[in-house]
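Reviewing the structure listed below.
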Amino acid sequence: MTRGIFGHTKAEVDRKLGGVPREELPDAVVVGTADEFVERLGRLSEAGVRRVMLQWLETDDIDGLEVLAGTVLPQLRG
C-alpha cells in the first residue's frame, strides 16, 4: 500500500504537503493533480506494476476522493 496525496490544483497539493518538498517524499508516494497521478501510475504500469493500493489519509476530504475517482480512474481503465 502506498500513500496518495491528491489535489485539484498544484497549490492544493502543496498545501496538503505542509511545506514538505515533493523531492523529500518516498518514491512510493503518489502525489499530485489528476494529470500527475495518471502520469505516475502510467509509469508504474510501464514498469510492470498491475495493481496499486492507495492509502487515503485525508479522511475529511471526501470531495477530493470523489474527484480522484472521477478524473483519474477512468483514464486508467483499459
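The values are calculated or read from the model by the stated rules, or taken from the named source; none is laboratory data. What you are looking at is a predicted structure, and each value in this text was computed from that prediction instead of being measured. Neighbour counts run over all protein chains shown; Cβ positions are idealised from the backbone, glycine included.
Worth pointing out:
- Region 56-69 residues that are touching a residue at least 60 places away in the same chain (Cβ under 8 Å), paired with ones that are part of a loop (DSSP other than H, G, I, E, B) (beta carbon under 6 Å, 6 or more apart): none
- Restricting region 1-53 to residues that are part of a loop (DSSP other than H, G, I, E, B) and of a type in the set (Ser, Thr, Tyr), the residue that is farthest from residue 74 (Cα to Cα): 9
- Residue tally, condition among the small types (Gly, Ala, Ser) and modelled with pLDDT of 95 or more, over region 30-63: 2
- Taking the criterion of being in contact with a strand residue (DSSP E or B) (Cβ under 6 Å, 6 or more places away or on another chain) and crowded, with 16+ Cβ neighbours inside 10 Å, the residues of region 1-12 that qualify are 4, 5.
- Residues that are part of a loop (DSSP other than H, G, I, E, B) and either within 11 Å of the chain's Cα centre (by Cα) or of a type in the set (Ser, Thr, Tyr) (or both) were ranked within region 54-70; the one that is nearest to residue 2 (Cα to Cα) is 56.
- Scanning region 10-50 for residues being farther than 16 Å from residue 62 by Cα and of a type in the set (S, T, N, Q) gives a total of 1.
Here's the yes/no breakdown for (1) surrounded by 10 or more Cβ atoms within 10 Å (Cβ to Cβ); (2) among the small types (Gly, Ala, Ser):
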site: 17; (1), (2): yes, no
site: 25; (1), (2): yes, no
site: 28; (1), (2): yes, yes
site: 34; (1), (2): yes, yes
site: 41; (1), (2): yes, no
site: 50; (1), (2): no, no
